[in-house]
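Report on the structure given below.
The values are calculated or read from the model by the stated rules, or taken from the named source; none is laboratory data. Quick caveat: nothing in here was measured; it's all calculated off a predicted structure. Because the Cβ atoms are built from the backbone with ideal geometry, glycine has one as well, and the counts that use them run over all protein chains shown.
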Amino acid sequence: MRYFCLRRIPVLAPVLACVILLCCGCGKGSDGVSDKPAYESGATHVLTPEFGKDDTIEVAPLTLDFSHADQGYFMGVLSEAGEKVNIQVTGPDQIDYKYFLDTPDEYTAFPFTAGSGPYIILAFQNISGDQYASLLSYSVTVELENEFLPFLYPNQYVSFTEDSEAVRLAGELSADCESDLDALTAVYSYVTEHVTYDDEKAATVEAGYLPDIDETLRTGKGICFDYAALTVSMLRALSIPARLNIGYSGDIRHAWVDIFIESVGWVRHAVEFNGNEWEMMDPTFAAALGDDELTNDYVGDGENYSLQYVR
């Protein structure tokens, strides 16, 4: 999987990556809002996935644990070195999500991003090259404790812990923020001001790449996937539900973010908040391009976003 991140117009790529990734258009508030953890000024709350023993299935070299399915995730671990397993998750949305495990004794969380409902879990073991053989098939019906949990826990794509520098920074940035919107603004401003777009990385990134959010902070560089993963991780650590979206903007591979705001609901396909409503155009983006027609090719009214996966 390659993330080109609008690299076809490289001079403008840093602005595009910084601006488009953040929020994608306004959504209504949803049921179950009262179940969402409350935002607290300057406080971080990292939900840590746990490997349990109450509901596991094992087919060597893979063990899957569904003990905490109601929290919006299941876990997997390999018992042998040199093995590689592809895990495919299909939920109520009928989208096939594919994940890979290739490190022994590393417990990894996989989200139930489609919410409550029936899921089919398939696993395939690598036998040579890109050839895989069926390893197991498992059905599970998920009843989430609340709908936000898949977008608050870390997972393989949005990886962070209590010890992550990004989590510490999120707490620091939100220390004087009275609301989740203030905290969102602080995180967004920091990421877009301190991380620059990495054209070289965009040109050479390999399939299967997973972001390292603390490395993005250390280097101050990244591609759209890095921007999105860092932003989502910091917001989730502040108890602000956030989705990492993967798909296309126009015909360019891209990653961006949806955010849940207490006073608004899920915010999708927007670029800028002017204090009253979410707008589809960022002045900086427009000024950098100097071409409203080209701008609309990538942003438009939100229709140019084509979502494939949510992580």
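In region 132-144 there is at least one residue that is of a type in the set (Asp, Glu), assigned to a loop (DSSP other than H, G, I, E, B) and at pLDDT 95 or above. Within region 179-194, residues that are over 15 Å from residue 216 (Cβ atoms) and touching a residue at least 40 places away in the same chain (Cβ under 8 Å) sit with their Cβ atoms under 8 Å from residues that are buried (at least 18 other Cβ atoms within 10 Å of the Cβ) and among the aromatic types (Phe, Trp, Tyr), at 6+ positions apart or across chains, in these pairs: 179/39; 180/39; 181/273; 183/39; 185/273.
Screening region 193-216 for residues that are assigned to a helix (DSSP H, G or I) and charged (D, E, K, R) and picking the one that is surrounded by the most Cβ atoms within 10 Å (Cβ to Cβ) gives 214. Considering every residue within region 93-103, establish whether at least one is of a type in the set (S, T, N, Q), closer than 26 Å to residue 37 by Cβ, part of a loop (DSSP other than H, G, I, E, B) and not assigned by TED's automatic domain parsing to the domain that holds residue 237. The answer is no; no qualifying residue exists. Of the residues making up region 108-120, those that are surrounded by 15 or more Cβ atoms within 10 Å (Cβ to Cβ) and either assigned to a strand (DSSP E or B) or out of contact with any Leu (no Cβ under 8 Å at 6 or more places or on another chain) (or both) are 108, 109, 110, 111, 113, 114, 119.
Candidates in region 145-156 are the residues that are assigned to a loop (DSSP other than H, G, I, E, B) and not polar (S, T, N, Q); of these, the one that is farthest from residue 216 (Cα to Cα) is 145. Residue 159 - would you say it is farther than 23 Å from residue 245 by Cβ, at pLDDT 95 or above and either not in a helix (DSSP H, G or I) or not hydrophobic (A, V, I, L, M, F, W, C) (or both)? No, not satisfied. Number of residues in region 46-91 that are touching a residue at least 60 places away in the same chain (Cβ under 8 Å), touching a Leu at 6+ places or on another chain (Cβ under 6 Å) and among the small types (Gly, Ala, Ser): the value is 1.
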